Amino acid sequence: MDKLQTAILEIGHEEIPRGSNWGEHVKKYLHSVGIDFPASWCMAFVYWCVENSDCKLPDITGGMSNPLVKTGGVMKQWNSIDIHCLSHFKPAPQVKFSTPKQGDIFIMDYGKGLGHTGFVESIDKDGVHIHTIEGNTNDEGSREGFEVCRKTRKISACKGFIRLPIINQQK
């Protein structure tokens, strides 16, 4: 299953109680990046979806690895992914892009190390908006929400997009 399909299956999962950054589903996202306490979880949601999909890449050890940095920090992911890929994958794939494609990970930078992220599900024909699946948000528009849901965002509000390489795992 690809990362987008994995994310779609998580839609509707919420923090319990709301506003707590915790609960059964949120805990599994946070644990995937080594966080064992309530915390902002949008990046952990993205990491968990990639980890639980067929997006792993052959690494330099001969195994298969998640191409994302294991972090709950959105801006840490954006700032570290190039070096991570250079040190773990040969050849290192280009992963940062300025225009979105379906399946990309969008990055929003709010300054002071704060950000938000999720998956691009589709791009409007107008070329102005993306439709997303993201965690730690809600229908009312918050980036510090309480659930996994679909949203519409302006492309211009995004710092950039992480595009994970697709490999053919069939022999």
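Name the residue, out of 117, 99, that is out of contact with any Pro (no Cβ under 7 Å at 6 or more places or on another chain), touching a residue at least 60 places away in the same chain (Cβ under 8 Å) and assigned to a loop (DSSP other than H, G, I, E, B).
Values: 117 fails: assigned to a loop (DSSP other than H, G, I, E, B).
On inspection, the qualifying residue turns out to be 99.
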- request: Kindly indicate whether any position in the stretch 51-59 is hydroxyl-bearing (Ser, Thr, Tyr), part of a loop (DSSP other than H, G, I, E, B) and within 21 Å of residue 115 (Cβ to Cβ).
  value: no
- line: When (1) assigned to a helix (DSSP H, G or I); (2) open to solvent by 10 Å² or more (accessible area, probe 1.4 Å); (3) within 12 Å of residue 134 (Cα to Cα) are applied to residue 12, the one that fails is (1)
message: Need the failing condition index for residue 87 against (1) among the hydroxyl-bearing types (Ser, Thr, Tyr); (2) surrounded by 14 or more Cβ atoms within 10 Å (Cβ to Cβ); (3) assigned to a helix (DSSP H, G or I), just the number.
response: (2)
- line: Only one of (1) open to solvent by 10 Å² or more (accessible area, probe 1.4 Å); (2) within 23 Å of residue 13 (Cβ to Cβ); (3) hydrophobic (A, V, I, L, M, F, W, C); (4) within 15 Å of the chain's Cα centre (by Cα) does not apply to residue 146, and that is (4)
- prompt: For the stretch 94-138, how many residues meet the condition of being loosely packed, with under 12 Cβ neighbours inside 10 Å and within 28 Å of residue 22 (Cα to Cα)?
  reply: 3
- prompt: If you check 76, 70, which single one turns out to be free of Cβ contacts under 8 Å to residues at least 60 places away in the same chain and in a helix (DSSP H, G or I)?
  reply: 76
message: I'd like to verify a number: residues in the stretch 118-139 that are among the aromatic types (Phe, Trp, Tyr) and over 29 Å from residue 24 (Cα atoms), how many?
response: 0
- line: Inside the stretch 15-39, the number of residues satisfying the requirement of being small (Gly, Ala, Ser) and either touching a strand residue (DSSP E or B) at 6+ places or on another chain (Cβ under 6 Å) or not in a loop (DSSP other than H, G, I, E, B) (or both) is 1
- prompt: crowded, with 16+ Cβ neighbours inside 10 Å, at pLDDT 95 or above and under 18 Å from residue 166 (Cβ atoms): does that describe residue 44?
  reply: no
message: Go through the stretch 102-114 and report how many residues are assigned to a loop (DSSP other than H, G, I, E, B) and touching a strand residue (DSSP E or B) at 6+ places or on another chain (Cβ under 8 Å).
response: 3
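The values are calculated or read from the model by the stated rules, or taken from the named source; none is laboratory data. These numbers come from a predicted model, not from an experiment. For neighbour counting, all protein chains shown are included, and Cβ atoms are generated from backbone atoms with ideal geometry for every residue, glycine included. With ligands, DNA and RNA removed, areas are computed over all heavy atoms of the protein, side chains included. Shrake-Rupley method; radii C 1.70, N 1.55, O 1.52, S 1.80 Å.
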